[in-house]
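Engineer: I have a structure here, written as C-alpha cells, and I will follow up with some questions on it.
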Amino acid sequence: MIPFSVLDLSLIVRGGDAATAFRNSLALARHAEALGFNRYWVAEHHSMPAIASAATAVLIGHLAAGTRTIRVGSGGIMLPNHAPLAIAEQFGTLESLFPGRIDLGLGRAPGSDQETMRALRRDPASADRFPQDVVELLHYFDPPAPGQRVRAVPGAGLDIPVWLLGSSLFSAHLAASLGLPFAFASHFAPDQMEDAVALYRQRFTPSRRLDAPYVMLALNVVAADSDETARLLFTSHQQQFVALRRGMPGQFPPPVASTEGLWTPAEQAGIDRALACSVVGGPAAARAGIHAFIARHRPDELMIVGAIHDQAARLRSFEIAAAARTR
C-alpha cells in the first residue's frame, strides 16, 4: 500500500482559539506518527477565522519539536507572499534543527482575499513570477558557488525536498519541467486532477532532486464507527465550504443533524462538485472508498484531510483511515 500522510489546517473551532488549535494539531501529529503516517503538513492561510496556521514555518517547528520521526512540512507556503531568500532561510533553519524531517511545499495562490493580499504587501503581479521565484529558491539550497554574494544561511547545501502544489495544469507543467514532486489539491478543487496528473507524468523531466514523477493526491476522509455518525461529522466541512463561498468565513462550525434549508440547491451542487474527492462513512465504507480512490487515480502517496469539529472524533477518523492501509 502507498504511504498515507496528513494535511492539517489547524482548525479553530467555533468558540475556540488558536492556542487550542495548536494543542490539537500537535496531538494529531503525534497520533499520526504512532499510526505510521508518512508526513504531516500545515498550510499557509491569512485572515481566516477558522485557520491558525498563518505563521506556517513557526508551526512546523512546534510540530517537529513535539514529534520524533514523522516528516513535517508545508502544504503549502504561498511563495508569492514572500521573498525566496526568506523562505530558504526559514526552511534551512527548520532542516538544521530537525535534519531529514522537513518538507517544503510551494503554492502560488494568495491564501487570502484581495484586501489581505495588500496587507501582506504582496505585489499583485507576484504570481506571474512564481516560476522564476521557485528557481531562485531552489538555487539558494544549492551549495554556494565561489564568489556567490547572496546565500541562504542556513539553507545553502541542505537537502530539503521541495514540492509544487496546485489545483490546475499550471503547477503540474512547472513541476514536470523542474523535476519536482507534485501534490494536487483534489480535496477542494478536483476538476482538473486527472488532466494535471497525466500532464505531469507525461512531461516529467528527471532532475538531481527526483528521477521519476511522484504524485500525491489529497482526499477528504471523515470516518467514524458508523456511516450515520460520519455523515453527521461531515456537515461541519459542508457548512464551512458554503460560508467561504458566500464570503462569510467564520470559525469551524459544529455538525448539524440536518442541513435542510442551510443552503440552496445551487450551493449543494457546488459542495458536491468541490468536495467530490471525499470518503465519508464507517470503517467498511472508509476502507472501500479509500481503496477505490487509489485504484482509480494511482497516486504515489495519499494525503488525507480530516476537517472534523470534535478532536476525539478527528483522532478516531485518522485511526480508521490508517487501518485502511492494510489490504
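The values are calculated or read from the model by the stated rules, or taken from the named source; none is laboratory data. Since the structure is predicted, the reported quantities are computational estimates derived from the model, not experimental observations. Cβ: placed from backbone, ideal geometry, glycine included. Neighbour counts: every protein chain shown.
Engineer: If we scan region 168-186, do we find a residue that is touching an Asp or Glu at 6+ places or on another chain (Cβ under 6 Å), crowded, with 19+ Cβ neighbours inside 10 Å and either within 28 Å of LEU97 (Cα to Cα) or in contact (Cβ under 8 Å) with a residue 40 or more places away in the chain (or both)?
Structural biologist: No, the conditions are met nowhere in region 168-186.
Engineer: Could you say whether any residue in region 224-236 is modelled with pLDDT of 95 or more, farther than 22 Å from PHE130 by Cα and among the aromatic types (Phe, Trp, Tyr)?
Structural biologist: Yes, some residue in region 224-236 is modelled with pLDDT of 95 or more, farther than 22 Å from PHE130 by Cα and among the aromatic types (Phe, Trp, Tyr).
Engineer: While we're looking at this one, here's another question. Here is a check on your reading of the model: is PRO99 surrounded by fewer than 24 Cβ atoms within 10 Å (Cβ to Cβ), in contact (Cβ under 8 Å) with a residue 60 or more places away in the chain and either over 14 Å from the mean Cα position of the chain (by Cα) or under 16 Å from TRP163 (Cα atoms) (or both)?
Structural biologist: No, not satisfied.
Engineer: Mind counting the residues in region 126-149 that are modelled with pLDDT of 90 or more and within 25 Å of the chain's Cα centre (by Cα)?
Structural biologist: Qualifying residue count, region 126-149: 13.
Engineer: Another question, if that's okay. Could you figure out which of (1) modelled with pLDDT of 95 or more; (2) surrounded by fewer than 19 Cβ atoms within 10 Å (Cβ to Cβ); (3) out of contact with any Gly (no Cβ under 7 Å at 6 or more places or on another chain) isn't true of ARG30?
Structural biologist: Of everything listed in (1) modelled with pLDDT of 95 or more; (2) surrounded by fewer than 19 Cβ atoms within 10 Å (Cβ to Cβ); (3) out of contact with any Gly (no Cβ under 7 Å at 6 or more places or on another chain), ARG30 misses just condition (3).
Engineer: Still on this structure, please answer the following. Tell me which residues, restricted to region 55-67, are assigned to a loop (DSSP other than H, G, I, E, B) and either more than 24 Å from GLY250 (Cα to Cα) or in contact with a Ser or Thr (Cβ under 8 Å, 6 or more places away or on another chain) (or both).
Structural biologist: Within region 55-67, the first condition is being assigned to a loop (DSSP other than H, G, I, E, B), and the residues that meet it are 55, 66-67.
Within region 55-67, GLY66, THR67 meet the criteria.
Engineer: I'm trying to understand the selection: among the residues of region 44-58, which are more than 13 Å from ILE12 (Cβ to Cβ) and out of contact with any helix residue (DSSP H, G or I) (no Cβ under 7 Å at 6 or more places or on another chain)?
Structural biologist: If the condition is that a residue be more than 13 Å from ILE12 (Cβ to Cβ) and out of contact with any helix residue (DSSP H, G or I) (no Cβ under 7 Å at 6 or more places or on another chain), then ALA55, THR56, VAL58 are the ones that fit.
Engineer: Something else about it: When you look at ASP8, is it closer than 26 Å to GLU89 by Cα and acidic (Asp, Glu), yes or no?
Structural biologist: yes
Engineer: With the condition kept exactly as written, say whether any residue in region 192-209 is touching a Cys at 6+ places or on another chain (Cβ under 9 Å), crowded, with 16+ Cβ neighbours inside 10 Å, at pLDDT 95 or above and within 30 Å of SER278 (Cα to Cα).
Structural biologist: Yes, because at least one residue in region 192-209 is touching a Cys at 6+ places or on another chain (Cβ under 9 Å), crowded, with 16+ Cβ neighbours inside 10 Å, at pLDDT 95 or above and within 30 Å of SER278 (Cα to Cα).
Engineer: Another question, if that's okay. Residue check: is ALA83 at pLDDT below 95 and surrounded by fewer than 23 Cβ atoms within 10 Å (Cβ to Cβ)?
Structural biologist: When the stated conditions are applied, ALA83 passes them.
Engineer: Right, another one. Inside region 121-167, can you point out the residues that are of a type in the set (Gly, Ala, Ser) and touching a residue at least 60 places away in the same chain (Cβ under 8 Å)? Full working, then the answer.
Structural biologist: Initially, region 121-167 is screened for residues of a type in the set (Gly, Ala, Ser), giving 125-127, 145, 147, 152, 155-157, 166-167.
Listed by number, the residues that qualify are ALA152, GLY155, ALA156.
Engineer: Moving to a separate point now. Name the pairs: first residue in region 298-327 and touching a residue at least 40 places away in the same chain (Cβ under 8 Å) and of a type in the set (Asp, Glu), second residue part of a helix (DSSP H, G or I) and surrounded by fewer than 23 Cβ atoms within 10 Å (Cβ to Cβ), Cβ to Cβ under 7 Å, at least 6 apart or on different chains?
Structural biologist: Listed by first residue and then by second, the contacts come to GLU319/LEU35.
Engineer: With over 27 Å from HIS291 (Cβ atoms), of a type in the set (Phe, Trp, Tyr) and touching a helix residue (DSSP H, G or I) at 6+ places or on another chain (Cβ under 9 Å) as the only criterion, which of PHE241, PHE252 stands out?
Structural biologist: The match here is PHE252.
Engineer: Looking at (1) outside any helix (DSSP H, G or I); (2) in contact (Cβ under 8 Å) with a residue 40 or more places away in the chain; (3) within 19 Å of ALA322 (Cα to Cα), find the lone condition where GLU44 falls short.
Structural biologist: So GLU44 meets the others, but not (3).
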